[in-house]
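A short write-up of the structure that comes next.
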Amino acid sequence: MELKVTTLEGAAVGSVDLPDAIFGLTARADILHRCVTWQLAKRRAGTHAVKNRADITRTGKKMYRQKGTGSARHGSARVNLFRGGGRSFGPVVRSHAIDLPKKVRKLALRSALSAKAAEGKLVVVEAATLSEPKTAKLTAHFGKLGISSALVIAGTEVDTNFARAAANIAHVDVLPQQGANVYDILRRDTLVLTKDAVKHLEERLQ
């Protein structure tokens, strides 16, 4: 697959050959779903917790005699029926992470890249750099490229001026090439890759 390379200003500066094994696959919705679920589960801290009846500092002695009071039968005051009592079946500290084989993760990333290429939502630029951190300038560049919602995957390091300018634009994310992932690719309309990022992805997904 051949795709033209442009500058941020929209000028054509050649083309790049994208391997079909990475950018020309039929997108697998089931694999994409598994990978997104894995990513979102992995980012959960799992630190939520509540006090159950064993954690409540209150006597466990029977509140009053079983019969003859005219009231309901009660034992410990630490149960969930009473104000300040322990909660029943509340969340506990645990890991939400699930396992996903590396080969499935690679296939998901290939599927995400292929889906953007098939939709015509893949843009390759020469470089993601700016001479000064001006949001208005970067917004104008995106306007020429017809981009309103995008994930920009830069080189090994993100240009500081570019990152600062993009930080003020809604629906635009910027990541270094090693941070390319399925969830961030799918959540934005357009995928913008630099030539360095294309080369890195080809090596990473061999």
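The values are calculated or read from the model by the stated rules, or taken from the named source; none is laboratory data. Computed from a predicted structure; not experimentally measured. Backbone-built Cβ (ideal geometry, glycine too); neighbour counts: all protein chains shown.
Among the numbered conditions (1) at pLDDT 95 or above; (2) within 24 Å of LEU205 (Cβ to Cβ), the only one that ALA163 does not meet is (2).
Of the residues examined, ARG44 is one that is of a type in the set (D, E, K, R) and within 23 Å of the chain's Cα centre (by Cα). Every listed requirement among (1) farther than 24 Å from ILE31 by Cβ; (2) buried (at least 18 other Cβ atoms within 10 Å of the Cβ) is met by LEU151 save one, (1).
Within the range 125-148, does at least one residue satisfy the condition of being within 29 Å of HIS33 (Cβ to Cβ) and at pLDDT 95 or above? Scanning the range 125-148 turns up no residue that is within 29 Å of HIS33 (Cβ to Cβ) and at pLDDT 95 or above.
For (1) modelled with pLDDT under 95; (2) basic (Lys, Arg); (3) more than 19 Å from the chain's Cα centre (by Cα); (4) within 20 Å of ALA127 (Cα to Cα), each residue gets a yes or a no:
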position	(1), (2), (3), (4)
MET1	yes, no, yes, no
GLU9	yes, no, yes, yes
VAL13	yes, no, yes, yes
ASP17	yes, no, yes, yes
ASP20	yes, no, yes, no
ALA27	yes, no, no, no
ASP30	no, no, no, no
LEU40	no, no, no, no
ALA54	yes, no, yes, no
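The set of residues in the range 115-145 that are surrounded by fewer than 20 Cβ atoms within 10 Å (Cβ to Cβ), among the aliphatic types (A, V, I, L, M), more than 22 Å from the chain's Cα centre (by Cα) and in a helix (DSSP H, G or I) comprises ALA136, ALA140, LEU145.
For the range 90-114, the candidate set comprises residues that are among the charged types (D, E, K, R) and part of a loop (DSSP other than H, G, I, E, B); within that set, the residue that is surrounded by the most Cβ atoms within 10 Å (Cβ to Cβ) is ARG94.
Restricting the search to the range 1-33, which residues are assigned to a strand (DSSP E or B) and among the hydrophobic types (A, V, I, L, M, F, W, C)? Listed by number, the residues that qualify are LEU3, VAL5, ALA12, VAL13, VAL16.
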